[in-house]
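Trainee: Below: one structure in C-alpha cells.
The values are calculated or read from the model by the stated rules, or taken from the named source; none is laboratory data. These numbers were taken from a predicted model, which means no experiment stands behind them. Counting neighbours? That spans all protein chains shown, and the Cβs are built from the backbone with ideal geometry, glycine included.
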Amino acid sequence: MLQKIIDLHIHSKYSRACSKDLELPKIAQACQIKGVDIVATADFTHPAWFEHIKENLIEDNQGIYRLKDNSSLTRFILSTEISCIYKHKEAVRRLHLVLLAPNLKAVEKFNQALEKRGVNIRSDGRPIMGLSAKEILQIMLAIDPDFMMIPAHAWTPWFAIFGSKSGYDRLEDCFEELTPRIRAIETGLSSDPPMNRRLSALDKIVLVSNSDAHSLDKIGREANVLAFDNPKDINFLNIKKIIESGDRDRFLHTIEFYPEEGKYHCDGHRDCRVCLTPLQTKKANYLCPKCKKKLTVGVLHRVDDLADRNEDAIPKNIFVPHKYIVPLREIIGYVFGVGPKSKKVDKEYQNMIKKIGHEFFILLSASEEQIKKNISDGNIWLAIANTRSGNVILKGGYDGEFGQVNVLPQGANQVKQKKLF
Ligand SMILES: [Zn+2]
Ligand SMILES: [Zn+2]
C-alpha cells in the first residue's frame, strides 16, 4: 500500500501577506523536506499564477501534476482558496472556501466565469468576491461536477462557515438544497477533530486538515494521510472519492496542530493581553475586563455554543483518526531555548533532515535509535516522544495571538495535559 501525505491548502506569492519564495519549484523542494507528497498548486484563479502553473507543471496522472523538468518527486493538485463576502439572511457573511479543480481546462472555465460576473481575480491570489458560497458552488458544478468545495478553517471568527463573526450555525443555512454537495470541512489550526465531532450535525462530514501556509516553512503543518493500492490510483478523482467517503481503510489519519496552539482557540482581547475560557467570557458579558470592548470569541467557545454532545459521547471508531504534531523547528527551539527561526535551530534541523529523513518521518515514525544518534541534545528525542504521546502542556492562543506548547513538561505523566491557562 502506498501512503501519501497531502496538503490541500497553501498560498502563492500572489496572495496577500505571503512570502515571495512561494513559487512552484521552491514549493516542490520544501515539500520534500517536510514529507508532503501532494500539495495544492494554490491560487489558480490568479492569472499570472495560473500562467506560472501552466508553464511549470505537466499532468502526471489524471488531475495530478509534476514539475516539467522532473526535478522533484512532489506532485501537485489544483486547489485554491477564495473569499466570499456577501449579505445573506440579514447578515454579512465572510467565508473562505477551498476549491479543488479536476483539471486545467476546468480552472480556465471557472476563472472566465468569475471574470464574467465582474470578480476582480487579478489583485490577490485569494480573490475577494461578492458572490455567495452557494453561488460559487453552483458555478463550479455547472462547469464540471468533479469540482469540490471545502469550507476553509471552518471555525475561525472572521472568515469561516461557522465563524462567530462571519458564518452560519449550520451548513444548511449556507448551502440550502446544495448542502449534500459539501462533504468535507477543514478543521483549521485552532480546532481538532474531537472538538468538531461534538456536533452530531457533522457526523456525515469528513474533516480534513491543511497547512494554509503563507511561507515555505509552514507547508504541511497540518495534512492528510491517504492510502492507495498502486501508483495509477493516485489521481484526482480517487483522492476526491477518498476524502468524500471518509473511508478509514483509505483515509488513514489527519495530522493536526494541538488546537491550543492556533491563534483563535480561546476567547480574549489581544491589545489588553486578556485570554479567557468560554465560561469566563460569558460571566464577563462578552466584554474585555480591562477595556470593556467586545471580546473576540474563539473557536473553543464557538464549538461549545453549537455542540450537542460532550467529547466522551462521540461515537468511537467510525471517524478518520488523527495524530498531533508540533513543528520540528519549534521543538528544537524549545529545547535550545531560542526562537524557531534562529540559526542554531536551522543548523540542527538541516542536520536531522539530512541524516534521518523528512520532517514527518522524524515527527511520526523514526525510531528512538535513529533519532538519538543524529541529535546534539538528547532532549530533542524526549520532546518528540512527548508530542507523539500527548505529554505536553498547552497554553491556548486567542484573538490572533498564537498559543504555546511546552514539549518538556517536567514530571508530567503520559496523558494529554490540556492545561489552558
Ligand atoms: Zn483563509
Ligand atoms: Zn481589552
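Trainee: Quickly run through the range 110-131 and pick out the residues that are under 20 Å from Trp158 (Cβ atoms) and small (Gly, Ala, Ser).
Mentor: Pass one, the range 110-131, residues under 20 Å from Trp158 (Cβ atoms): 123-131.
Once the filter is applied, which keeps residues that are under 20 Å from Trp158 (Cβ atoms) and small (Gly, Ala, Ser), the range 110-131 yields Ser123, Gly125, Gly130.
Trainee: Could you please find all residues in the range 151-189 being more than 13 Å from Arg94 (Cα to Cα) and either among the β-branched types (Val, Ile, Thr) or outside the structural domain of Leu202 (by TED's automatic domain parsing) (or both)? Show your work before the answer.
Mentor: Taking the range 151-189 first, the residues more than 13 Å from Arg94 (Cα to Cα) are 169-173, 175-189.
Hits for the range 151-189 are Thr179, Ile182, Ile185, Thr187.
Trainee: Related question: Taking the range 242-260 as the search range and keeping residues that are of a type in the set (A, V, I, L, M, F, W, C) and over 22 Å from Val303 (Cα atoms), which one is nearest to ligand 1 (Cβ to nearest atom)? Steps first, please.
Mentor: In the first step, residues of the range 242-260 are kept if they are of a type in the set (A, V, I, L, M, F, W, C); the result is 242-243, 251-252, 255, 257.
Restricting the remaining residues to those that are over 22 Å from Val303 (Cα atoms) gives 242-243, 251-252.
Working: Ile242: 23, Ile243: 18, Phe251: 23, Leu252: 26 Å.
The selected residue is Ile243.
Trainee: Okay, next question. Would you point out the residue of the range 261-277, among those that are more than 15 Å from Leu300 (Cβ to Cβ) and outside any strand (DSSP E or B), that is nearest to ligand 1 (Cβ to nearest atom)?
Mentor: Checked the range 261-277; the qualifying residue nearest to ligand 1 (Cβ to nearest atom) is Arg270.
Trainee: Which of the following residues is modelled with pLDDT of 95 or more and part of a loop (DSSP other than H, G, I, E, B): Asp146, Asp173? Steps first, answer last, please.
Mentor: Numbers: Asp173 fails: part of a loop (DSSP other than H, G, I, E, B).
The unique qualifying residue is Asp146.
Trainee: Now, a different point. Here are some conditions: (1) under 30 Å from Asn379 (Cα atoms); (2) surrounded by fewer than 18 Cβ atoms within 10 Å (Cβ to Cβ); (3) within 16 Å of ligand 2 (Cβ to nearest atom). Lys341 meets all but one. Which one does it not meet?
Mentor: (3)
Trainee: Does Arg270 meet the test of being away from ligand 2 (no atom under 11 Å from the Cβ), touching a residue at least 12 places away in the same chain (Cβ under 8 Å) and not aliphatic (A, V, I, L, M)? Steps first, please.
Mentor: Details: away from ligand 2 (no atom under 11 Å from the Cβ): no; touching a residue at least 12 places away in the same chain (Cβ under 8 Å): yes; not aliphatic (A, V, I, L, M): yes.
It is false that Arg270 is away from ligand 2 (no atom under 11 Å from the Cβ), touching a residue at least 12 places away in the same chain (Cβ under 8 Å) and not aliphatic (A, V, I, L, M).
Trainee: Name the one entry in Ala142, Ala113, Ala101 that is among the small types (Gly, Ala, Ser), under 27 Å from Asn224 (Cα atoms) and in the same structural domain as Pro180 (by TED's automatic domain parsing).
Mentor: Working: Ala142 fails: under 27 Å from Asn224 (Cα atoms); Ala113 fails: under 27 Å from Asn224 (Cα atoms).
Answer to the selection: Ala101.
Trainee: Same structure, new question: Output the number of the condition that Tyr168 fails; it satisfies all remaining conditions of (1) away from ligand 1 (no atom under 16 Å from the Cβ); (2) surrounded by 24 or more Cβ atoms within 10 Å (Cβ to Cβ).
Mentor: Among (1) away from ligand 1 (no atom under 16 Å from the Cβ); (2) surrounded by 24 or more Cβ atoms within 10 Å (Cβ to Cβ), Tyr168 violates only (2).
For every residue, the table says whether it meets (1) within 23 Å of His322 (Cα to Cα); (2) within 21 Å of the chain's Cα centre (by Cα).
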position: Leu114; (1), (2): no, no
position: Leu137; (1), (2): no, yes
position: Arg183; (1), (2): yes, yes
position: Arg197; (1), (2): yes, yes
position: Ile205; (1), (2): yes, yes
position: Ser209; (1), (2): yes, yes
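Trainee: Quick check on my filter: what residues within the range 144-165 are in contact (Cβ under 8 Å) with a residue 12 or more places away in the chain and surrounded by fewer than 19 Cβ atoms within 10 Å (Cβ to Cβ)? Steps first, please.
Mentor: Filtering the range 144-165 for residues in contact (Cβ under 8 Å) with a residue 12 or more places away in the chain gives 144, 146-165.
Scanning the range 144-165 gives Asp144, Asp146, Trp158, Lys165.
Trainee: When only residues in the range 278-310 that are modelled with pLDDT of 95 or more and of a type in the set (Val, Ile, Thr) count, which is nearest to ligand 1 (Cβ to nearest atom)?
Mentor: Val303
Trainee: From the list Asp304, Asp312, Asp308, exactly one residue is of a type in the set (Asp, Glu), assigned by TED's automatic domain parsing to the domain that holds Lys263 and assigned to a loop (DSSP other than H, G, I, E, B). Which is it?
Mentor: Working: Asp304 fails: assigned to a loop (DSSP other than H, G, I, E, B); Asp312 fails: assigned to a loop (DSSP other than H, G, I, E, B).
Asp308 is the lone residue from the list that is of a type in the set (Asp, Glu), assigned by TED's automatic domain parsing to the domain that holds Lys263 and assigned to a loop (DSSP other than H, G, I, E, B).
Trainee: For the range 139-165, how many residues meet the condition of being within 16 Å of ligand 1 (Cβ to nearest atom) and among the hydrophobic types (A, V, I, L, M, F, W, C)?
Mentor: Step one: list which residues in the range 139-165 are within 16 Å of ligand 1 (Cβ to nearest atom), which gives 149-165.
Still in the running and among the hydrophobic types (A, V, I, L, M, F, W, C): 149-150, 152, 154-155, 158-162.
Of the residues in the range 139-165, 10 are within 16 Å of ligand 1 (Cβ to nearest atom) and among the hydrophobic types (A, V, I, L, M, F, W, C).
Trainee: Kindly provide the set of residues from the range 282-319 that are under 25 Å from Gln404 (Cβ atoms), touching a helix residue (DSSP H, G or I) at 6+ places or on another chain (Cβ under 6 Å) and either among the charged types (D, E, K, R) or within 13 Å of ligand 2 (Cβ to nearest atom) (or both), ordered by number.
Mentor: Scanning the range 282-319 gives Leu295, Asp304, Glu311.
Trainee: Using the structure shown, decide if Ile325 is in contact with a Lys or Arg (Cβ under 6 Å, 6 or more places away or on another chain), under 22 Å from Met195 (Cβ atoms) and surrounded by 15 or more Cβ atoms within 10 Å (Cβ to Cβ).
Mentor: Numbers: in contact with a Lys or Arg (Cβ under 6 Å, 6 or more places away or on another chain): no; under 22 Å from Met195 (Cβ atoms): yes; surrounded by 15 or more Cβ atoms within 10 Å (Cβ to Cβ): yes.
No, not satisfied.
Trainee: All but one of (1) surrounded by fewer than 17 Cβ atoms within 10 Å (Cβ to Cβ); (2) touching a Leu at 6+ places or on another chain (Cβ under 6 Å) hold for Ala313, so report the exception by its number.
Mentor: (2)
Trainee: Return the residues of the range 199-241 that are part of a helix (DSSP H, G or I), more than 30 Å from Arg309 (Cα to Cα) and more than 16 Å from ligand 1 (Cβ to nearest atom); say none if nothing qualifies.
Mentor: Leu216, Asp217, Pro231, Lys232, Asp233, Phe236, Leu237, Asn238, Ile239, listed by residue number.
Trainee: I'm told Asp304 meets every condition in (1) surrounded by 13 or more Cβ atoms within 10 Å (Cβ to Cβ); (2) in contact with a Ser or Thr (Cβ under 9 Å, 6 or more places away or on another chain) except one. Can you identify the failing condition by its number?
Mentor: The failed condition is (2).
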